[in-house]
Amino acid sequence: MKEISYGIFLDKSSGKIFTKNLVPGQRVYGESLIKIGKDEYREWVPIRSKLAAAIKKGLKQVPLSKGMKVLYLGSATGTTPSHISDIVGETGIIYSVEFSERMMREFLKLCKQRKNLIPILADARKPSSYEDLIEKVDVVYCDIAQPDETEIAIRNCNMFLDHGEYIMLAVKSRSIDVTKSPDEVYKSEIEKLKSHGVKVMDWKKLDPYEKDHAFILGRF
Ligand SMILES: C[S@@+](CC[C@H](N)C(=O)[O-])C[C@H]1O[C@@H](n2cnc3c(N)ncnc32)[C@H](O)[C@@H]1O
């Protein structure tokens with residue numbers, strides 16, 4: 001098992017990636033668990049998590065490490081947040097915003113096991129509604145599949161991110177504009193980020209793991 005970025009491990013023989021399980025014995029979405037010495041690793045499945053897909057596609061950097069604070073927009077039932085929870089560890093924190101009550105009900109079960117996940121039932125379009133619950137963070141992660149998601153991400157960055165910190169954005173082409181080709185959509189979202197002063201460090205198309213999706217890493 002080789003550590004390819006802080007807290008992210010590659011099994012060279014299978015090509016699978018893993019995080020070290022913060023809650024040994026517990027699966028989150030049916031992923032496999034393997035024990036090596038006294039540590040347990042959880043497979044990070046790229047067809048289930050866009051960040052895992054971006055890593056598999058060779059994303060240049062994953063700006064996550066122990067103790068970091070993350071604002072996660074669109075946590076759903078917690079698949080990707082659970083791996084970020086493994087990486088940032090007990091001293092880190094993931095403020096997790098989700099507006100679907102049904103998703104949040106499932107997510108709350110995970111938050112009981114993982115104390116670094118903080119659930120926030122709110123609309124990411126209105127960051128002022130959760131302003132009092134959140135401190136400044138190191139990373140804003142946005143995966144909400146909305147036509148205006150880049151604007152929403154920027155609004156949250158303006159509020160909770162210092163300049164020089166990181167933004168990670170999962171782009172679902174069809175949610176943004178069905179009339180444009182995915183490549184045109186990715187290009188226009190990248191230009192939008194740049195026009196707001198974001199330095200785009202890398203981006204990857206996520207096929208074959210996620211069709212017509214891209215993942216963008218930038219510095220705010
Ligand atoms: C593609 S799923 C996220 C999957 C998750 N990020 C993962 O990788 O495990 C998108 C989620 O964003 C949520 N969402 C969409 N618009 C939102 C908004 N304006 N505010 C908060 N959550 C939103 C949806 O309810 C859905 O659960």
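The values are calculated or read from the model by the stated rules, or taken from the named source; none is laboratory data. Please read all numbers here as calculations on a predicted model, not as lab measurements. As a convention, Cβ positions derive from the backbone with ideal geometry for all residues, glycine included, and neighbour counts pool all protein chains shown.
For M201, which of the numbered conditions (1) surrounded by fewer than 19 Cβ atoms within 10 Å (Cβ to Cβ); (2) touching a strand residue (DSSP E or B) at 6+ places or on another chain (Cβ under 8 Å); (3) within 30 Å of V23 (Cα to Cα) fails to hold?
(3)
Name the one entry in S96, S65 that is surrounded by fewer than 22 Cβ atoms within 10 Å (Cβ to Cβ), under 30 Å from R155 (Cα atoms) and in contact with a strand residue (DSSP E or B) (Cβ under 9 Å, 6 or more places away or on another chain). Reasoning before the result, please.
Working: S96 fails: surrounded by fewer than 22 Cβ atoms within 10 Å (Cβ to Cβ).
Every option except S65 fails the conditions.
Taking the range 25-44 as the search range and keeping residues that are surrounded by fewer than 20 Cβ atoms within 10 Å (Cβ to Cβ) and among the aliphatic types (A, V, I, L, M), which one is farthest from K109 (Cα to Cα)?
Across the range 25-44, the extreme among qualifying residues is I36.
Please work out which residue is farthest from the chain's Cα centre (by Cα), limiting yourself to the range 153-183 and to residues that are of a type in the set (D, E, K, R) and more than 13 Å from the ligand (Cβ to nearest atom).
Only one residue tops the list, namely K180.
Condition check: among the charged types (D, E, K, R), surrounded by 13 or more Cβ atoms within 10 Å (Cβ to Cβ) and over 24 Å from I55 (Cβ atoms). Does K180 satisfy that?
Numbers: among the charged types (D, E, K, R): yes; surrounded by 13 or more Cβ atoms within 10 Å (Cβ to Cβ): yes; over 24 Å from I55 (Cβ atoms): yes.
For K180, the condition - among the charged types (D, E, K, R), surrounded by 13 or more Cβ atoms within 10 Å (Cβ to Cβ) and over 24 Å from I55 (Cβ atoms) - is met.
Got at least one residue in the range 45-54 being at negative phi, more than 16 Å from the ligand (Cβ to nearest atom), modelled with pLDDT of 95 or more and in contact with a Pro (Cβ under 8 Å, 6 or more places away or on another chain)? Don't jump to the end; show me each part of the working.
Taking the range 45-54 as the starting set, the residues that turn out to be at negative phi are 45-54.
Imposing the further condition that a residue be more than 16 Å from the ligand (Cβ to nearest atom) reduces the set to none.
Taking every residue of the range 45-54 in turn, none turns out to be at negative phi, more than 16 Å from the ligand (Cβ to nearest atom), modelled with pLDDT of 95 or more and in contact with a Pro (Cβ under 8 Å, 6 or more places away or on another chain).
How many residues are part of a strand (DSSP E or B) and either within 15 Å of the ligand (Cβ to nearest atom) or aromatic (F, W, Y) (or both) when one looks only at the range 65-82? Break it down into steps so the answer makes sense when it comes.
Filtering the range 65-82 down to residues part of a strand (DSSP E or B) leaves 69-73.
Those left that are additionally either within 15 Å of the ligand (Cβ to nearest atom) or aromatic (F, W, Y) (or both): 70-73.
Count: 4.
Against the definition (within 15 Å of the ligand (Cβ to nearest atom) and either at positive phi or part of a strand (DSSP E or B) (or both)), how does V62 come out, yes or no? Talk me through it step by step, then tell me what you get.
Values: within 15 Å of the ligand (Cβ to nearest atom): yes; either at positive phi or part of a strand (DSSP E or B) (or both): no.
Taking the combined requirement at face value, the residue does not satisfy it.
Quick check on E184: is it within 14 Å of E151 (Cα to Cα), acidic (D, E) and assigned to a helix (DSSP H, G or I)? So that I can check it myself, show each step before the final result.
Working: within 14 Å of E151 (Cα to Cα): no; acidic (D, E): yes; assigned to a helix (DSSP H, G or I): yes.
Criteria not met by E184.
Could you check P208 against (1) touching an Asp or Glu at 6+ places or on another chain (Cβ under 8 Å); (2) more than 11 Å from the ligand (Cβ to nearest atom); (3) closer than 17 Å to A54 by Cα; (4) not polar (S, T, N, Q) and say which number it fails?
P208 satisfies all of (1) touching an Asp or Glu at 6+ places or on another chain (Cβ under 8 Å); (2) more than 11 Å from the ligand (Cβ to nearest atom); (3) closer than 17 Å to A54 by Cα; (4) not polar (S, T, N, Q) except (1).
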